[in-house]
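Data first, discussion second: the structure below is written as structure tokens.
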Amino acid sequence: MGGKVAIITGGSRGIGKAVVEKFAGAGIKVYFTYANSEDSAAKLAEKCGATAIRCPQNDSEKIAETVDKIYAENGTIDILVNNAGITRDNLLMRMSDEEWNAVISTNLSSCFYLSRNLVRAMMGKRWGRIINISSVSGIAGNAGQANYSAAKAGIIGFTKTLARELAARNITANAVAPGFIETDMTAKLPENIMEAAKAAIPLKRFGKPDDIARVCAFLASEEASYITGQVISVNGGLVI
């Protein structure tokens, strides 16, 4: 994968960080965005030789500027991993407009903004990889996560549409749907909820961020050139 250029959103922590490390280790020139974790982003960039860019994921103009900057520096952008995501959990009857809109714009609209700004360059090269991070919640739903589940389910439909639109130009689009992964997000769960979740997983444990990163690296490679429009579930058997 040496010589390829990738953008990874939400790359400073958790799954995004693991993807940055995996891609950089494969010789890919990596740019990653972050929202607030400046210290973590700087340390990761130095460690991996990657470039960190502060960019709000729900700001289409800033995203367009970021893509233009990367393209101007490299003349190509080959791989996109839409990973950025937040939660604002609440029961439907209590969920505010802000909680709904924040999750939809950050988790779903960002995929649209990034992909729209990248596909023209990929089409010109007749090569590209788009990998969107969905969730088990987008497949099965989850109480208290109407916003998150809707966004992650939307990513699946968006991915399949991209796959159909772009296949003729040798561009693949796939989604990865993690289950419970050991990240800052799951670390905030109460102990009883974590234990109940593990009991429901056939493998009886949470996954690691690198479990997702390895799948992303495969989907970005030539070995996955005949795979498009698919949802790869990585959840320990939670949803079978």
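The values are calculated or read from the model by the stated rules, or taken from the named source; none is laboratory data. Bear in mind that the values here come from a model prediction, so they are computed numbers and not experimental data. With ideal geometry, Cβ positions are generated from the backbone for all residues, glycine too; neighbour counts draw on all protein chains shown. Protein only, heavy atoms only, side chains kept; ligands, DNA and RNA dropped before computing areas. Shrake-Rupley method; radii C 1.70, N 1.55, O 1.52, S 1.80 Å.
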Do we find that C111 is over 27 Å from S233 (Cβ atoms), open to solvent by less than 40 Å² (accessible area, probe 1.4 Å) and either out of contact with any Pro (no Cβ under 7 Å at 6 or more places or on another chain) or of a type outside the set (F, W, Y) (or both) in this structure? no
May I ask you to list the residues in segment 127-164 that are closer than 18 Å to Q230 by Cβ, without any contact (Cβ under 8 Å) to a residue 24 or more places away in the chain and over 16 Å from the mean Cα position of the chain (by Cα)? T161
Take residues that are over 19 Å from Y148 (Cβ atoms) and tell me which of the helices (runs of 4 or more DSSP H) falling wholly in segment 178-225 contain 1 or more. 191-200, 209-220
Total residues in segment 1-29, condition under 15 Å from I70 (Cβ atoms), within 14 Å of the chain's Cα centre (by Cα) and hydrophobic (A, V, I, L, M, F, W, C): 5
Is it the case, given these coordinates, that G141 is more than 21 Å from P209 (Cα to Cα) and either open to solvent by less than 10 Å² (accessible area, probe 1.4 Å) or not aromatic (F, W, Y) (or both)? yes
Please find, among R164, R169, R214, the residue that is in contact with a strand residue (DSSP E or B) (Cβ under 8 Å, 6 or more places away or on another chain), open to solvent by 60 Å² or more (accessible area, probe 1.4 Å) and not acidic (D, E). R169
Taking the options N142, N174, N170, N192, name whichever one is touching a Leu at 6+ places or on another chain (Cβ under 6 Å) and not β-branched (V, I, T). N174
Just for segment 176-190: of the residues that are among the β-branched types (V, I, T) and in contact with a Lys or Arg (Cβ under 8 Å, 6 or more places away or on another chain), which one is nearest to K17 (Cα to Cα)? T183
Picked from segment 1-42 (must be of a type in the set (G, A, S) and within 24 Å of R126 (Cα to Cα)), the residue least open to solvent (accessible area, probe 1.4 Å) is A6
